[in-house]
Amino acid sequence: MGQFRANSHHVQGIEVTNEHCYTCHWESDEHGLINREHHQGYNNKEFSGEPNREVDLVIWDSTTRPTEYEINQTAIQFTASNMLISPADERQEVNKITDHCLGCHSDMNNDTEPFGDCKTPRQYAWDGSSVDPRYSQSGSTTWGKYTTMGSKKDQVKAAEEAAKEQARLTEELYDSLPKHSEKYYNYKVDQLGKEKEAALATYADIATGKTASEEQIMMIEQNLYS
């Protein structure tokens with residue numbers, strides 16, 4: 001209990017009592033007494049204990065501490081010994097603690113006093129924002145700390161936009177050329193490659209001055225742009 005008197009812990013400015021356990025633990029009842037239904041590690045009636053049992057942590061689902069035990073809704077079971085099995089098991093157990101912590105450290109409970117010490121989660125946040133929206137949001141930001149042209153993401157985005165604009169201007173320039181000119185034909189060959197080889201071969205005849213009907217020209221134009 002001594003650690004809860006430190007400045008970095010939850011109960012501040014008042015004496016820590018057994019009743020405070022109820023805020024976070026299903027092992028405690030509202031009077032701070034052992035709740036045998038959930039106190040798996042030790043039975044105070046039979047004076048028997050079992051090591052490495054799970055801890056039933058409370059998940060606040062509203063601005064008051066829940067009274068109904070529902071696993072993965074108002075309760076999460078954390079087993080400390082599982083953290084020694086493997087890194088994957090450790091991560092899984094840590095995630096359980098995260099769900100427990102976010103019950104109070106959320107916008108819903110920003111102004112709630114879980115321990116009755118006149119302290120709220122908001123008071124422990126440097127920017128007044130709860131932990132949940134700050135770290136659970138899925139938005140993105142620039143790669144660098146500063147939103148200037150010096151950040152890599154801004155440079156990449158600027159380069160991509162410049163390349164798109166150059167491609168647009170190039171196409172606009174060549175599309176302004178006479179449709180049957182050799183320069184326009186060569187541009188289309190470079191742009192489309194050999195996928196339209198048959199149409200381009202006929203187009204070459206037109207570009208070099210051979211005659212073609214309007215229907216042929218329209219068909220070739222359609223093939224080139226399709």
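Points to keep in mind about this one:
- Backbone phi angles across region 126-136, fed through the Karplus curve with coefficients 6.51, -1.76 and 1.60 (θ = phi - 60°), yield HN-Hα couplings of 5, 10, x, 9, 6, 5, 4, x, 5, 10, 9 Hz in residue order; Gly and Pro are listed as x.
- With a cut-off of 14 Å between beta carbons, the residues surrounding Asp107 carry a summed charge of -2, where Lys and Arg count +1 and Asp and Glu -1.
- Within-12-Å neighbourhood charge of Met83 [Cβ basis; K, R +1; D, E -1]: -1
Values quoted throughout were computed directly from the atomic coordinates according to the rules given, and no laboratory measurement underlies them. Computed from a predicted model, the values in this text were never measured in an experiment. Positions of Cβ are backbone-derived with ideal geometry, glycine not excepted, and every protein chain shown enters the neighbour counts.
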